[in-house]
1. Please specify each residue of region 263-285 satisfying the condition of being aliphatic (A, V, I, L, M) and touching a helix residue (DSSP H, G or I) at 6+ places or on another chain (Cβ under 8 Å).
2. Would you pick out the residues in region 317-334 that are more than 16 Å from the ligand (Cβ to nearest atom), at pLDDT below 90 and closer than 25 Å to residue 249 by Cα?
3. Determine whether region 342-361 contains at least one residue that is assigned to a helix (DSSP H, G or I), on the phi < 0 side of the Ramachandran plot, at pLDDT below 95 and within 16 Å of the ligand (Cβ to nearest atom).
4. Got at least one residue in region 58-76 being buried (at least 17 other Cβ atoms within 10 Å of the Cβ), more than 9 Å from the ligand (Cβ to nearest atom) and either modelled with pLDDT under 95 or not small (Gly, Ala, Ser) (or both)?
5. Filter region 248-262 for residues that are in contact with a helix residue (DSSP H, G or I) (Cβ under 7 Å, 6 or more places away or on another chain) and more than 13 Å from the ligand (Cβ to nearest atom); which is farthest from residue 176 (Cα to Cα)?
6. For region 206-245, what are the residues that are at positive phi and in contact with a strand residue (DSSP E or B) (Cβ under 8 Å, 6 or more places away or on another chain)?
7. Check off (1) within 19 Å of the chain's Cα centre (by Cα); (2) not assigned by TED's automatic domain parsing to the domain that holds residue 261 for residue 334 and give me the number that stays unchecked.
8. Within region 158-185, track down each residue that is touching a helix residue (DSSP H, G or I) at 6+ places or on another chain (Cβ under 9 Å) and at pLDDT below 75.
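The values are calculated or read from the model by the stated rules, or taken from the named source; none is laboratory data. Predicted model, so just to flag it, every value in this text is computed and none were measured. Using ideal geometry, Cβ is built from the backbone for each residue, glycine included, and neighbour counts are taken over all protein chains shown.
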Amino acid sequence: MRRAALGLRGRRGARVLGAARAPRSLHVAVVGGGVVGVSTADELLKRGCRVTLLEATQEVAGVSSATWGNAGTLWKSLRGTTPCEPATLWRTLKLLGRDPGHEKNVFINNSCLTDAAFYRWALALARCSNPSDYDWPTAHGDAQRYLLERAVALGAGGLRVAGGEVRSSKGAVLASDASDALGDSALYTQALAEDCKARGVHVWTNAPASLTANGLEVDGACVEADVIVLCAGAASTTLLPFYVPIHPLRGYSITARVTDAERAPEASFFVHPKHLYCTRLDEERVRFTCYGEFVPLRKTPPTAALETRLKRLIDYAVPDASEWSDFVDCEVWHGDRPLTPDGLPLVGKLAPGLYINAGHGFNGWRDAGITASFVAGLVAGGEDDAPAYVEAWAPGRFNL
Ligand SMILES: Cc1cc2nc3c(=O)[nH]c(=O)nc-3n(C[C@H](O)[C@H](O)[C@H](O)COP(=O)(O)OP(=O)(O)OC[C@H]3O[C@@H](n4cnc5c(N)ncnc54)[C@H](O)[C@@H]3O)c2cc1C
(Lines give C-alpha, C1' and ligand atoms only; values in the text may rest on other atoms or scores of the structure.)
Protein backbone atom coordinates (compact mmCIF):
# COMPACT_ATOMS: atom_id res chain seq x y z
CA MET A 1 0.00 0.00 0.00
CA ARG A 2 1.46 3.36 -1.01
CA ARG A 3 0.97 6.70 0.71
CA ALA A 4 -1.65 7.89 -1.76
CA ALA A 5 -3.70 4.77 -1.00
CA LEU A 6 -3.99 5.59 2.69
CA GLY A 7 -7.25 7.49 2.28
CA LEU A 8 -6.12 10.20 4.69
CA ARG A 9 -7.03 13.27 2.70
CA GLY A 10 -8.41 15.88 5.10
CA ARG A 11 -12.14 15.93 5.67
CA ARG A 12 -13.22 18.98 7.62
CA GLY A 13 -15.89 18.43 10.23
CA ALA A 14 -15.50 14.63 10.14
CA ARG A 15 -16.72 12.62 13.10
CA VAL A 16 -14.72 10.58 15.58
CA LEU A 17 -16.18 7.76 17.62
CA GLY A 18 -17.40 8.92 20.99
CA ALA A 19 -16.00 12.46 20.92
CA ALA A 20 -17.84 15.73 21.46
CA ARG A 21 -17.67 17.95 18.42
CA ALA A 22 -16.65 21.58 18.00
CA PRO A 23 -17.94 22.80 14.65
CA ARG A 24 -15.47 23.88 12.01
CA SER A 25 -12.32 23.28 14.06
CA LEU A 26 -9.71 20.98 12.61
CA HIS A 27 -10.06 17.54 14.11
CA VAL A 28 -6.75 15.80 14.76
CA ALA A 29 -6.20 12.22 15.88
CA VAL A 30 -2.93 11.78 17.77
CA VAL A 31 -1.74 8.16 17.89
CA GLY A 32 0.30 7.30 21.00
CA GLY A 33 -0.01 8.40 24.61
CA GLY A 34 3.64 8.76 25.62
CA VAL A 35 5.23 12.10 26.47
CA VAL A 36 5.46 12.99 22.77
CA GLY A 37 1.82 12.19 21.94
CA VAL A 38 0.38 13.95 24.99
CA SER A 39 2.60 17.00 24.40
CA THR A 40 1.40 17.06 20.78
CA ALA A 41 -2.24 16.89 21.88
CA ASP A 42 -1.58 19.77 24.27
CA GLU A 43 0.01 21.95 21.57
CA LEU A 44 -2.73 21.19 19.03
CA LEU A 45 -5.34 22.15 21.59
CA LYS A 46 -3.57 25.45 22.24
CA ARG A 47 -3.90 26.15 18.51
CA GLY A 48 -7.67 25.59 18.53
CA CYS A 49 -7.79 22.06 17.14
CA ARG A 50 -10.20 19.42 18.31
CA VAL A 51 -8.07 16.51 19.47
CA THR A 52 -8.54 12.80 20.05
CA LEU A 53 -5.60 10.98 21.64
CA LEU A 54 -5.46 7.23 21.00
CA GLU A 55 -3.40 5.10 23.36
CA ALA A 56 -3.07 1.36 22.78
CA THR A 57 -2.71 0.38 26.43
CA GLN A 58 -4.91 1.05 29.43
CA GLU A 59 -3.14 4.26 30.51
CA VAL A 60 -1.11 7.10 29.07
CA ALA A 61 2.59 6.99 29.90
CA GLY A 62 2.12 3.42 31.09
CA VAL A 63 4.78 0.89 31.96
CA SER A 64 5.22 -0.30 28.38
CA SER A 65 6.11 3.17 27.11
CA ALA A 66 9.62 4.61 27.09
CA THR A 67 8.14 7.55 28.96
CA TRP A 68 7.58 5.40 32.02
CA GLY A 69 11.03 4.40 33.23
CA ASN A 70 13.63 6.53 31.48
CA ALA A 71 16.63 8.17 33.11
CA GLY A 72 14.68 11.36 33.76
CA THR A 73 17.43 13.76 32.73
CA LEU A 74 16.59 17.03 31.04
CA TRP A 75 20.19 17.95 30.55
CA LYS A 76 21.15 20.66 28.17
CA SER A 77 24.87 20.52 28.84
CA LEU A 78 25.42 17.09 27.30
CA ARG A 79 25.05 16.59 23.62
CA GLY A 80 23.68 13.07 23.96
CA THR A 81 24.45 10.24 21.61
CA THR A 82 23.99 10.65 17.91
CA PRO A 83 24.57 7.15 16.55
CA CYS A 84 25.94 8.15 13.17
CA GLU A 85 29.00 9.77 14.63
CA PRO A 86 31.92 7.52 13.68
CA ALA A 87 33.12 7.26 17.29
CA THR A 88 29.74 6.01 18.47
CA LEU A 89 29.38 3.61 15.59
CA TRP A 90 32.83 2.19 16.29
CA ARG A 91 32.04 1.81 19.97
CA THR A 92 28.81 0.01 19.10
CA LEU A 93 30.66 -2.53 16.99
CA LYS A 94 33.46 -2.90 19.53
CA LEU A 95 30.98 -3.58 22.27
CA LEU A 96 29.82 -6.89 20.90
CA GLY A 97 31.06 -9.89 22.85
CA ARG A 98 32.18 -10.55 26.39
CA ASP A 99 32.39 -7.82 28.98
CA PRO A 100 34.00 -8.89 32.25
CA GLY A 101 34.78 -5.30 33.28
CA HIS A 102 31.22 -3.98 32.78
CA GLU A 103 32.48 -1.52 30.19
CA LYS A 104 30.07 -2.44 27.42
CA ASN A 105 26.67 -0.91 27.10
CA VAL A 106 25.43 -1.48 23.56
CA PHE A 107 24.31 -4.90 22.37
CA ILE A 108 22.58 -6.45 19.41
CA ASN A 109 19.94 -8.94 20.46
CA ASN A 110 20.24 -12.25 18.59
CA SER A 111 16.66 -11.91 17.32
CA CYS A 112 17.82 -8.98 15.18
CA LEU A 113 19.68 -11.43 12.98
CA THR A 114 16.35 -12.55 11.48
CA ASP A 115 14.77 -9.08 11.42
CA ALA A 116 14.92 -7.49 7.99
CA ALA A 117 13.98 -4.11 9.49
CA PHE A 118 17.13 -4.13 11.60
CA TYR A 119 19.35 -4.61 8.51
CA ARG A 120 17.44 -1.85 6.75
CA TRP A 121 17.98 0.50 9.67
CA ALA A 122 21.68 -0.46 9.82
CA LEU A 123 21.98 0.36 6.13
CA ALA A 124 20.38 3.76 6.76
CA LEU A 125 22.90 4.27 9.57
CA ALA A 126 25.80 3.48 7.24
CA ARG A 127 24.46 5.95 4.65
CA CYS A 128 23.64 8.65 7.14
CA SER A 129 25.55 11.89 7.13
CA ASN A 130 26.72 13.41 10.36
CA PRO A 131 24.41 16.25 11.51
CA SER A 132 27.44 18.15 12.78
CA ASP A 133 25.89 21.54 12.09
CA TYR A 134 22.88 20.84 14.30
CA ASP A 135 22.62 23.73 16.75
CA TRP A 136 22.26 21.47 19.77
CA PRO A 137 23.11 24.04 22.50
CA THR A 138 20.19 26.21 21.38
CA ALA A 139 17.88 23.25 20.77
CA HIS A 140 18.65 21.66 24.14
CA GLY A 141 18.25 24.97 25.96
CA ASP A 142 14.89 25.64 24.26
CA ALA A 143 13.70 22.10 25.05
CA GLN A 144 14.55 22.31 28.71
CA ARG A 145 13.09 25.78 29.12
CA TYR A 146 9.86 24.68 27.44
CA LEU A 147 9.39 21.77 29.84
CA LEU A 148 10.24 23.69 32.99
CA GLU A 149 7.79 26.45 32.04
CA ARG A 150 5.06 23.99 31.06
CA ALA A 151 5.51 22.05 34.29
CA VAL A 152 5.18 25.23 36.34
CA ALA A 153 2.02 26.27 34.45
CA LEU A 154 0.64 22.78 34.96
CA GLY A 155 1.57 22.66 38.62
CA ALA A 156 3.21 19.27 37.97
CA GLY A 157 5.61 18.43 40.76
CA GLY A 158 8.85 16.59 40.35
CA LEU A 159 10.52 18.73 37.71
CA ARG A 160 13.41 20.64 39.10
CA VAL A 161 16.68 22.26 38.27
CA ALA A 162 19.44 20.24 39.83
CA GLY A 163 22.95 20.32 38.46
CA GLY A 164 23.60 17.41 36.13
CA GLU A 165 26.89 16.12 37.42
CA VAL A 166 29.03 14.06 35.08
CA ARG A 167 31.30 11.73 37.01
CA SER A 168 34.19 9.46 36.18
CA SER A 169 34.08 5.77 37.14
CA LYS A 170 36.05 6.73 40.26
CA GLY A 171 33.29 9.13 41.26
CA ALA A 172 35.07 12.39 40.49
CA VAL A 173 32.82 15.10 39.08
CA LEU A 174 34.04 15.80 35.53
CA ALA A 175 31.52 18.44 34.51
CA SER A 176 28.47 20.01 35.95
CA ASP A 177 25.95 22.48 34.66
CA ALA A 178 24.13 24.07 37.54
CA SER A 179 21.17 24.91 35.35
CA ASP A 180 20.42 21.36 34.28
CA ALA A 181 17.16 19.74 35.21
CA LEU A 182 15.54 16.40 35.79
CA GLY A 183 12.16 14.89 36.48
CA ASP A 184 9.81 11.96 36.21
CA SER A 185 8.46 12.01 32.67
CA ALA A 186 5.58 9.62 33.45
CA LEU A 187 4.27 11.84 36.25
CA TYR A 188 4.56 14.91 34.03
CA THR A 189 2.81 13.19 31.11
CA GLN A 190 -0.02 11.87 33.25
CA ALA A 191 -0.57 15.33 34.75
CA LEU A 192 -0.51 16.87 31.27
CA ALA A 193 -3.00 14.28 29.99
CA GLU A 194 -5.38 15.11 32.86
CA ASP A 195 -5.06 18.80 32.02
CA CYS A 196 -5.72 18.10 28.32
CA LYS A 197 -8.79 16.05 29.25
CA ALA A 198 -10.13 18.89 31.38
CA ARG A 199 -9.65 21.25 28.40
CA GLY A 200 -11.56 18.97 26.04
CA VAL A 201 -9.17 16.41 24.57
CA HIS A 202 -10.79 13.03 24.15
CA VAL A 203 -8.25 10.62 25.64
CA TRP A 204 -9.11 7.16 24.40
CA THR A 205 -7.20 4.35 26.13
CA ASN A 206 -7.24 0.65 25.19
CA ALA A 207 -7.34 1.95 21.61
CA PRO A 208 -4.65 0.25 19.50
CA ALA A 209 -4.81 2.19 16.25
CA SER A 210 -3.85 0.96 12.81
CA LEU A 211 -3.55 2.66 9.45
CA THR A 212 -5.39 0.88 6.68
CA ALA A 213 -6.47 1.67 3.15
CA ASN A 214 -9.62 3.13 4.75
CA GLY A 215 -7.66 5.41 7.05
CA LEU A 216 -7.31 5.18 10.81
CA GLU A 217 -8.96 2.23 12.56
CA VAL A 218 -9.36 0.96 16.12
CA ASP A 219 -10.60 -2.61 16.50
CA GLY A 220 -11.89 -2.53 12.93
CA ALA A 221 -13.91 0.68 13.44
CA CYS A 222 -13.00 3.73 11.40
CA VAL A 223 -11.80 6.81 13.29
CA GLU A 224 -12.51 9.79 11.13
CA ALA A 225 -10.32 12.82 11.50
CA ASP A 226 -9.01 15.60 9.30
CA VAL A 227 -5.42 14.92 10.23
CA ILE A 228 -3.48 12.12 11.94
CA VAL A 229 -0.27 12.71 13.87
CA LEU A 230 1.70 9.56 14.52
CA CYS A 231 3.46 9.66 17.91
CA ALA A 232 3.70 5.94 18.65
CA GLY A 233 7.36 5.94 19.70
CA ALA A 234 9.28 2.80 18.70
CA ALA A 235 6.10 1.25 17.26
CA SER A 236 5.61 4.07 14.75
CA THR A 237 7.28 2.17 11.91
CA THR A 238 5.00 -0.83 12.31
CA LEU A 239 1.93 1.33 11.69
CA LEU A 240 2.99 2.67 8.33
CA PRO A 241 2.69 0.97 4.95
CA PHE A 242 6.06 2.42 3.91
CA TYR A 243 9.41 2.32 5.68
CA VAL A 244 10.58 5.00 8.12
CA PRO A 245 13.95 4.46 9.79
CA ILE A 246 12.96 4.32 13.46
CA HIS A 247 14.23 1.28 15.32
CA PRO A 248 13.84 0.19 18.95
CA LEU A 249 16.94 0.48 21.13
CA ARG A 250 15.95 -1.11 24.39
CA GLY A 251 17.20 0.27 27.69
CA TYR A 252 16.89 -0.95 31.26
CA SER A 253 16.35 0.87 34.52
CA ILE A 254 15.96 0.19 38.23
CA THR A 255 14.13 2.61 40.47
CA ALA A 256 15.67 2.07 43.88
CA ARG A 257 14.53 3.22 47.30
CA VAL A 258 16.50 6.05 48.90
CA THR A 259 17.56 4.93 52.35
CA ASP A 260 19.65 7.96 53.30
CA ALA A 261 18.22 11.16 51.87
CA GLU A 262 21.17 13.24 53.07
CA ARG A 263 23.85 11.12 51.46
CA ALA A 264 22.09 10.23 48.23
CA PRO A 265 23.25 12.47 45.36
CA GLU A 266 20.99 15.47 44.90
CA ALA A 267 21.03 15.61 41.10
CA SER A 268 21.71 13.17 38.33
CA PHE A 269 25.08 11.95 37.19
CA PHE A 270 26.58 9.86 34.46
CA VAL A 271 29.29 7.28 35.08
CA HIS A 272 31.63 7.13 32.13
CA PRO A 273 32.49 4.79 30.37
CA LYS A 274 29.87 2.48 31.89
CA HIS A 275 27.15 4.70 30.53
CA LEU A 276 25.22 4.35 33.75
CA TYR A 277 22.87 7.21 34.64
CA CYS A 278 21.88 7.80 38.24
CA THR A 279 19.00 10.22 38.79
CA ARG A 280 17.53 11.31 42.08
CA LEU A 281 13.87 11.50 41.08
CA ASP A 282 12.62 12.73 44.44
CA GLU A 283 13.08 12.27 48.20
CA GLU A 284 12.25 8.57 48.07
CA ARG A 285 13.42 7.39 44.66
CA VAL A 286 16.67 7.15 42.77
CA ARG A 287 16.78 5.65 39.29
CA PHE A 288 19.71 3.83 37.66
CA THR A 289 19.57 3.45 33.89
CA CYS A 290 21.78 1.76 31.35
CA TYR A 291 22.23 -0.27 28.16
CA GLY A 292 21.27 0.05 24.57
CA GLU A 293 20.09 -3.24 23.15
CA PHE A 294 19.05 -3.32 19.51
CA VAL A 295 15.94 -5.49 19.40
CA PRO A 296 13.72 -6.50 16.48
CA LEU A 297 10.59 -4.55 15.60
CA ARG A 298 8.42 -7.41 16.84
CA LYS A 299 8.06 -7.68 20.64
CA THR A 300 10.70 -9.81 22.37
CA PRO A 301 11.13 -10.48 26.07
CA PRO A 302 13.82 -8.54 27.93
CA THR A 303 17.26 -10.11 28.03
CA ALA A 304 17.43 -11.77 31.45
CA ALA A 305 21.22 -11.41 31.63
CA LEU A 306 20.99 -7.64 31.19
CA GLU A 307 18.24 -7.33 33.78
CA THR A 308 20.24 -9.10 36.46
CA ARG A 309 23.50 -7.54 35.33
CA LEU A 310 22.19 -4.05 35.97
CA LYS A 311 22.30 -4.54 39.74
CA ARG A 312 25.87 -5.84 39.52
CA LEU A 313 26.80 -2.92 37.29
CA ILE A 314 25.42 -0.46 39.86
CA ASP A 315 27.52 -2.09 42.60
CA TYR A 316 30.58 -1.91 40.36
CA ALA A 317 30.12 1.60 38.95
CA VAL A 318 28.68 3.36 42.02
CA PRO A 319 30.28 1.45 44.91
CA ASP A 320 28.72 3.63 47.62
CA ALA A 321 25.14 3.31 46.26
CA SER A 322 24.28 0.65 48.85
CA GLU A 323 25.00 3.23 51.59
CA TRP A 324 22.16 5.51 50.45
CA SER A 325 19.79 3.23 48.50
CA ASP A 326 18.54 -0.33 48.32
CA PHE A 327 16.61 -2.56 45.95
CA VAL A 328 13.73 -3.35 48.33
CA ASP A 329 10.45 -3.44 46.37
CA CYS A 330 12.14 -2.26 43.18
CA GLU A 331 11.47 -3.61 39.74
CA VAL A 332 13.77 -3.79 36.79
CA TRP A 333 12.14 -2.03 33.87
CA HIS A 334 12.88 -2.12 30.17
CA GLY A 335 11.67 0.20 27.42
CA ASP A 336 12.38 1.03 23.81
CA ARG A 337 14.06 4.22 22.67
CA PRO A 338 12.62 5.07 19.24
CA LEU A 339 15.89 5.64 17.41
CA THR A 340 16.62 7.22 14.03
CA PRO A 341 20.03 6.64 12.42
CA ASP A 342 21.19 10.19 13.16
CA GLY A 343 19.67 10.34 16.63
CA LEU A 344 17.39 13.28 15.77
CA PRO A 345 13.60 13.09 15.83
CA LEU A 346 11.48 12.69 12.71
CA VAL A 347 8.97 15.52 12.64
CA GLY A 348 6.88 16.63 9.69
CA LYS A 349 4.43 15.67 6.99
CA LEU A 350 4.51 12.17 5.51
CA ALA A 351 1.43 12.27 3.27
CA PRO A 352 -1.69 14.42 2.88
CA GLY A 353 -3.36 14.46 6.30
CA LEU A 354 -0.60 12.38 7.88
CA TYR A 355 2.18 13.78 10.08
CA ILE A 356 4.80 12.15 12.28
CA ASN A 357 6.39 13.23 15.55
CA ALA A 358 8.51 10.25 16.64
CA GLY A 359 12.04 8.87 16.75
CA HIS A 360 13.27 10.94 19.70
CA GLY A 361 15.84 8.31 20.70
CA PHE A 362 17.88 9.17 23.77
CA ASN A 363 16.27 12.54 24.39
CA GLY A 364 12.51 12.24 23.96
CA TRP A 365 11.67 13.37 27.47
CA ARG A 366 13.65 16.55 27.02
CA ASP A 367 12.63 17.22 23.41
CA ALA A 368 8.94 16.23 23.48
CA GLY A 369 7.66 19.77 24.07
CA ILE A 370 9.58 21.55 21.33
CA THR A 371 8.86 18.92 18.68
CA ALA A 372 5.18 18.95 19.70
CA SER A 373 5.05 22.69 19.33
CA PHE A 374 6.64 22.46 15.88
CA VAL A 375 4.40 19.70 14.51
CA ALA A 376 1.29 21.39 15.89
CA GLY A 377 2.31 24.54 14.03
CA LEU A 378 2.68 22.55 10.81
CA VAL A 379 -0.75 20.94 11.25
CA ALA A 380 -2.68 24.00 12.36
CA GLY A 381 -0.85 26.53 10.20
CA GLY A 382 -0.23 30.08 11.37
CA GLU A 383 2.97 32.03 11.85
CA ASP A 384 6.19 30.37 10.89
CA ASP A 385 8.62 31.43 13.60
CA ALA A 386 10.29 28.05 14.08
CA PRO A 387 14.03 28.14 14.86
CA ALA A 388 16.45 27.02 12.16
CA TYR A 389 17.42 23.77 13.91
CA VAL A 390 13.99 22.22 13.18
CA GLU A 391 15.11 21.72 9.58
CA ALA A 392 17.28 18.84 10.80
CA TRP A 393 14.13 16.98 11.94
CA ALA A 394 12.55 16.89 8.47
CA PRO A 395 11.47 13.46 7.12
CA GLY A 396 13.00 14.53 3.79
CA ARG A 397 16.47 13.74 5.08
CA PHE A 398 15.55 10.06 4.73
CA ASN A 399 13.86 10.66 1.36
CA LEU A 400 10.42 10.46 2.97
C1 LIG B 1 16.40 3.47 29.36
C2 LIG B 1 16.01 4.79 28.76
C3 LIG B 1 16.51 5.97 29.31
C4 LIG B 1 16.17 7.21 28.75
N5 LIG B 1 16.61 8.36 29.34
C6 LIG B 1 16.20 9.57 28.87
C7 LIG B 1 16.59 10.77 29.51
O8 LIG B 1 17.26 10.77 30.53
N9 LIG B 1 16.19 11.95 28.96
C10 LIG B 1 15.43 12.00 27.83
O11 LIG B 1 15.14 13.10 27.36
N12 LIG B 1 15.03 10.86 27.23
C13 LIG B 1 15.40 9.65 27.71
N14 LIG B 1 15.01 8.50 27.10
C15 LIG B 1 14.25 8.58 25.85
C16 LIG B 1 12.78 8.84 26.09
O17 LIG B 1 12.28 8.03 27.10
C18 LIG B 1 12.03 8.56 24.78
O19 LIG B 1 12.64 9.21 23.70
C20 LIG B 1 10.59 9.06 24.90
O21 LIG B 1 9.95 8.48 26.00
C22 LIG B 1 9.82 8.74 23.63
O23 LIG B 1 8.50 9.13 23.88
P24 LIG B 1 7.36 8.70 22.91
O25 LIG B 1 6.11 9.31 23.42
O26 LIG B 1 7.77 8.95 21.50
O27 LIG B 1 7.33 7.10 23.02
P28 LIG B 1 6.72 6.19 24.23
O29 LIG B 1 6.96 6.81 25.54
O30 LIG B 1 7.23 4.83 24.00
O31 LIG B 1 5.16 6.26 23.94
C32 LIG B 1 4.60 5.68 22.80
C33 LIG B 1 3.17 5.36 23.13
O34 LIG B 1 2.51 4.98 21.93
C35 LIG B 1 1.62 3.91 22.25
N36 LIG B 1 1.34 3.18 21.03
C37 LIG B 1 2.17 2.38 20.31
N38 LIG B 1 1.53 1.86 19.26
C39 LIG B 1 0.26 2.35 19.31
C40 LIG B 1 -0.89 2.18 18.49
N41 LIG B 1 -0.88 1.37 17.42
N42 LIG B 1 -2.03 2.82 18.83
C43 LIG B 1 -2.08 3.64 19.91
N44 LIG B 1 -1.01 3.81 20.73
C45 LIG B 1 0.14 3.20 20.43
C46 LIG B 1 2.41 3.09 23.26
O47 LIG B 1 1.55 2.24 24.00
C48 LIG B 1 3.04 4.18 24.10
O49 LIG B 1 2.21 4.56 25.18
C50 LIG B 1 15.33 7.25 27.63
C51 LIG B 1 14.81 6.07 27.10
C52 LIG B 1 15.14 4.84 27.67
C53 LIG B 1 14.52 3.58 27.10
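1. Taking region 263-285 as the starting set, the residues that turn out to be aliphatic (A, V, I, L, M) are 264, 267, 271, 276, 281.
The answer is 264, 271, 276.
2. none
3. Our first condition is that a residue be assigned to a helix (DSSP H, G or I); within region 342-361, this holds for 361.
Filter once more, keeping what is on the phi < 0 side of the Ramachandran plot: none.
Among the residues of region 342-361, not one is assigned to a helix (DSSP H, G or I), on the phi < 0 side of the Ramachandran plot, at pLDDT below 95 and within 16 Å of the ligand (Cβ to nearest atom), which makes the answer no.
4. Kept after step one, since they are buried (at least 17 other Cβ atoms within 10 Å of the Cβ), are these residues of region 58-76: 59-62, 64-76.
Still in the running and more than 9 Å from the ligand (Cβ to nearest atom): 76.
Now restrict to residues that are either modelled with pLDDT under 95 or not small (Gly, Ala, Ser) (or both): 76.
Yes: one or more hits.
5. 259
6. Within region 206-245, the first condition is being at positive phi, and the residues that meet it are 206, 215, 219-220, 233.
Once the filter is applied, which keeps residues that are at positive phi and in contact with a strand residue (DSSP E or B) (Cβ under 8 Å, 6 or more places away or on another chain), region 206-245 yields 215, 233.
7. (2)
8. Scanning region 158-185 gives a single hit, 169.
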